[in-house]
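J.: Here it is: the structure, laid out below.
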Amino acid sequence: METHIWMQWLLEPVILPEEQVELQTVDIYSKWFGTVGHRVGVPSLLVWPRLSQLVNKYPPTTTPQAIGRCPSPTTLEVRGRQYPSLVSFFGDTGGGKSTLIKTLIRNRNFSKYWDAPVPGDRADSHYSTSGDVHSYIDPSSASGEAPMFYADCEGLRGSSITALKKLAARSYEPNDSRHPSRSFGQSLRTREPPEERLKRTLREHQEKATHDLRLIWAVKHAGPLQEDPSSRQYIVKHLFPRFLYTFSDVVCYVTENARTTEQEIEDLIGWASMGHRMTVNQRIKPSLIIVTNKDTRPGATEWCDVDYATGKQIDKLNIAFDRFSRLRDKWMERGKELKSTKDLILCYYDSFRVICIPSLVAVPSGIIARQYEKLYAEIQLASQTIRTKRQDRGMKLDIESFSFYTQHAFELFSKNLGHTFDFRNVGGRLASIPEDFSDHLVNLLVRLKDRQESPAETTVGQEVATLKKFIPFLASCLALEYVEKHGGP
C-alpha cells in the first residue's frame, strides 16, 4: 500500500493550477541554457552556470552513510575533483520526461532539498512544459567523484508557446471560485498575478545569464516550404540535440509509443549524425536508452525484462532495415558493412537498451517501482562504461574543464551550427604549461596543426604528413636530450 501511494504521488500528483505555476516559476532557476527572441529579430542563446551552481549547492560529505542526504555543517569537507557525467533526456512534448527525471531523483532522496523537475499540467500536454534545457543532479552520486547530471530537454516537437505561460495566463482569474477554501491560491491572487510574477522572474533570470550569444545562422528564410531557422522549433530540434549529443554519456529517449517506430529511430540517428560527423578528435559516442513510458499494452509485465524488450525491439526494426538503405550505403562507402538495424544504431551510439515502464492502470505499483530501479541501474552502468572510455582516451573532464569545453561549444554553435567541434583544438587552449619533454612535444604538434589550413575531409592525411616532417626534428631533440643527460658517446 505504501508503495502504491508513493508511486501515485510521484507519477500522478494532484496540484492546483496556482500551485502549478508557482512551482514552475521557481523551476525557471534550474535552466542551463535556452533560446529567446532578440529585439533585432535574431534569436539568442542564453547560458547559465547551472552545473557549477548544482555542485556548490550539494557539496561532498565525509561519510558514505551521508551520501544522498542533505549535507550539514558537521559533515562538509574540502571538495575533491569531480568528473561530471551528463545524462540527457529527449522525446516528444508530453512524453513524460520531467516526470521520469523527478521520479529518479525522488526515489534516491525524497527531500525537497534536492531540485527536481515540475511536470506539466495534463491540459497542456501538447505544449512544452517550461522550455529550453534544465539540469538537475542525481542525489546518490552528487557527493562522489562522478556526479550524474540529468539534462531535461524541451520537447523536440514542442510549440513556440510553453505550457508555463499558458498556465500562468489562465490561473489568474479574479472570479475563479474553483477552490475558494484554499488559502494558498487565494494568497497568490491577493499578492501578485502569477502571469506577472512569471514575467518578472523570467526577466530577472535572463539578466543573470553568464552568456548571451546571438544565433547568427538563425535568419528567417523566405521560402514557404523551408524550415525557419529563426523559429523556436528549429532551434530546439537542431541546436539542442547537436550540443547534448556531443557531451552526453547517456541519451535517454522517452516515448509513450509502445511500438517504437522506424521514424523515431531515424530521428534519433538524424539528431546524432551531425554531432557524430562534425565532432573530431577524442569523440566518444553516448549510450542510448529508449524508455517506453506509461506502457498499457497487454502482457506489459513480460516487457519489463530489459533484455526481452531490447531483443523484441531490435527484431521489429530489422524487418524494416531496408528503410535505412541510404545510411547503410553511406557506411558501406566508408568500408563498414551493416547487416542489421542494430549495427546502424551502434554506428552512432555506444550501446542500445530498451526499458518499458508500465502505466499505473496496467500493473501493480510495485512493478513500476522496480522498473525505475532498473532504469537507474542501466543509466549508472552506461555512464560508468562511457566514463571509462573517456578516461582511456584522456578525456576525463572535471567540472571546470567540462564547463570550458561546453562554453566553447556554445560559442562555436552560435556562429555556425554546422561547424566542426575539435576536442583537441579546444583542449590545447585549456592545457597548462608543459611540465616535461612529452608535454612539450604534444604542445608543439598541436600548434603546428593549428597553423595548417585544410578541409575537414583531408585532416587525417595532413596530420600524417605533418608527423613525417616532424620525425627528423623529434629525433634531433631526443638525441640532444640524451647527450645533455648522459654526455657524448
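J.: Based on alpha-carbon centroids, what's the gap between region 361-383 and region 1-59 in Å, whole number please?
T.: 23
J.: With a cap of 11 neighbouring Cβ atoms within 10 Å, and only residues DSSP puts in a loop, list the chymotrypsin sites (Phe, Trp or Tyr not before Pro) found in region 360-411.
T.: Counting only loop positions with at most 11 other Cβ atoms within 10 Å, none of the chymotrypsin sites (Phe, Trp or Tyr not before Pro) in region 360-411 qualifies.
J.: Just to check, using Stokes-Einstein with a Kirkwood Rh over alpha carbon pairs, what's the diffusion coefficient of region 301-357 at 37 °C and 0.692 mPa s in µm²/s?
T.: Stokes-Einstein gives a translational diffusion coefficient of 269 µm²/s.
J.: Let me ask something else. Take peptides 262-275, 3-16 and line them up by average Cβ neighbours within 10 Å, highest first, as a rough protection proxy.
T.: Numbers: 262-275: 17.9, 3-16: 14.4.
In decreasing order of mean packing, 262-275, 3-16 become 262-275, 3-16.
J.: In Å, what is the Rg of the alpha-carbon atoms in region 284-412, and how long is Dmax?
T.: Looking at region 284-412, its Cα Rg and Dmax stand at 18.2, 50 Å.
J.: Place the peptides 133-141, 277-285 in order of packing, highest mean first, counting for every residue the other Cβ atoms within 10 Å and averaging per peptide.
T.: Per-residue mean Cβ counts within 10 Å order the peptides as 133-141, 277-285.
J.: Here's a follow-up. Dipole size in debye (nearest 20) for region 234-328 around its Cα centre, Lys and Arg Cβ +1, Asp and Glu Cβ -1?
T.: Working: 13 positive and 12 negative charges, 96 e Å.
The calculation lands at about 460 debye.
J.: Place the peptides 92-104, 203-215 in order of packing, highest mean first, counting for every residue the other Cβ atoms within 10 Å and averaging per peptide.
T.: Going by the mean number of other Cβ atoms within 10 Å, highest first, we get 92-104, 203-215.
J.: In addition: Provide L480, L46, L360 in ascending order of the number of other Cβ atoms located within 10 Å of each residue's Cβ, fewest first. Present the calculation step by step, with values, prior to reporting the outcome.
T.: Values: L480 10, L46 22, L360 15.
Lowest count first: L480, L360, L46.
J.: What distance in nm lies between label points placed 7 Å from Cα along the C-beta direction at E204 and D305?
T.: 5.4
J.: When you take every Cα atom in region 253-299, what is the radius of gyration, and what is Dmax, the widest Cα pair distance, in Å?
T.: 14.0, 47
J.: Apply the Kirkwood formula to region 280-322: the hydrodynamic radius equals the inverse of the mean of 1/r over all pairs of different alpha-carbon atoms; give it in Å with one decimal.
T.: Values: mean 1/r = 0.0782 Å⁻¹.
Result for region 280-322, one decimal place: 12.8 Å.
Here, each number is a calculation from the coordinates, and none is a lab measurement. All figures in this text were calculated on a predicted structure; none of them were measured in a lab. Methodologically, a virtual Cβ is constructed for each residue, glycine included, from the backbone with ideal geometry; neighbour enumeration extends over all protein chains shown.
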